[in-house]
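Working notes, beginning with the structure itself.
Please treat every number below as a calculation from the coordinates, not as lab data. Everything numeric in this text was worked out from a predicted model, so none of it was measured. Heads up, the Cβs are rebuilt from the backbone with ideal geometry, glycines too, and the neighbour counts pull from every protein chain shown.
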Amino acid sequence: MRKILFILVLLLVFYVPASAQGSVALTFDDGPSNVTTHILDALEEVDGHGTFFVLGNRCENYPKILRRMVRRGHEIGGHSWGHARLTQLGASALCDDLQRTAQAIEQHSGQPPTLLRPPYGSINPRLRLHAGLPIIHWSVDTQDWKHCDQHCPRRDEQQCAREVEKMVDNVLANLQDGDIILMHDIFGFTQQAALRLIEQLHAQGWQMLTVSELFAQRGIELQPGQVYYHTR
Ligand code: NI
């Protein structure tokens, strides 16, 4: 019996570090939508967490999804009210947009947003001044939206599966510890791509954390108005 226990402990000690690649943050923009539920299912199945940069004008229609995110330890950030390019707004319109979005998130999720990701990743000094939250860019752009249904509505399922594989392989080939991965939770293709990526990340031993968890794990305190691309 003791021998078996000893072997088990040895296996644990050697197996866990060997499989652990590090940790990354999966982030999803432009939702919530019906796609989001499937992404949450996939993340929760592997004990992963995601960060969702939601549009203020969509919150009202998806309160259940937003509350589930909070309950299950995912993170919610703002992505503007209706996907305006925030750098083109004057100070007062900008503040209105940010405030309205934050209010909608708090009203429908039960918690205010903790992060901001401006649409198109467009950032200028005025946005940094008024953001009031850490601004989260990304270090890995999956370009999942480029394959989305509306761009090629007539391709077949096999072609779609090949594109998913290629996209996921690309991401995994270049992934580094502390990366922030950009995806979208809004199209059928982006759903398939996200599900496959989550499965593969888990299989390869990557830990999926929220953005705040990723930085906290490294002892980095996120500051309002500062822009972050990864934890390195
Ligand atoms: Ni967006």
**Asked** How many nm separate the modelled label positions at R232 and K146, each set 7 Å beyond the Cα in the direction of the Cβ?
**Response** 2.1
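For the chain, give me the percentage of DSSP beta bridges that are antiparallel, rounded to the nearest 5 percent. Write out the running numbers ahead of the final one.
Values: 1 of 24 bridges.
For the chain, the DSSP antiparallel bridge percentage is about 5.
Please arrange V164, V70 by counting, for each residue, the other beta carbons lying within 10 Å of its beta carbon, fewest first. Walk me through the intermediate numbers first.
Details: V164 21, V70 14.
In order of increasing Cβ crowding within 10 Å: V70, V164.
May I ask you to order 186-196, 214-224 by the average number of other C-beta atoms within 10 Å around their residues, highest value first?
Listed from highest to lowest mean packing, they are 186-196, 214-224.
Please list the three semi-axes, largest first and in whole Å, of the ellipsoid equivalent to the chain, using sqrt of 5 times the eigenvalues of its alpha carbon gyration tensor. Walk me through the intermediate numbers first.
Values: eigenvalues 200, 97, 55 Å².
Listed largest to smallest, the semi-axes of the chain are 32, 22, 17 Å.
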**Item:** Separation between Cα centres of the range 179-232 and the range 28-61, rounded to whole Å
**Value:** 13
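Grab the DSSP H runs of the chain that are 4 residues or longer, score each as -39,500 (n - 2.57), total them, divide by all residues and round the 222 nm result to the nearest 500 deg cm²/dmol. Numbers along the way, then the final one.
Details: 9 runs with 109 residues, N = 232.
The helix contribution divided over the chain gives -14500 deg cm²/dmol.
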**Item:** Packing-based exposure ordering (other Cβ within 10 Å, fewest first) of T142, T37, T51
**Value:** T37, T142, T51
**Fill in**
Largest first and rounded to whole Å, the semi-axes √(5λ) derived from the alpha carbon gyration tensor of the range 109-232 read 29, 18, 12
**Asked** In percent, how large is the relative contact order of the chain, given Cα pairs closer than 8 Å and 6 or more residues apart?
**Response** 31
**Request:** Quantify how much of the Cα-Cα distance distribution of the range 51-142 extends past 18 Å, in percent.
**Result:** 38
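So what is the orientation-averaged projected area of the range 181-225, using the convex hull of its C-alpha atoms, in nm²? List each step's numbers first, then the result.
Values: hull surface 16.7 nm².
The directionally averaged projection comes out at 4.2 nm².
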**Message:** Can you tell me the length gained on complete extension of the stretch R67 to Q223, counting 0.36 nm per residue apart and subtracting the Cα distance?
**Reply:** 53.6 nm
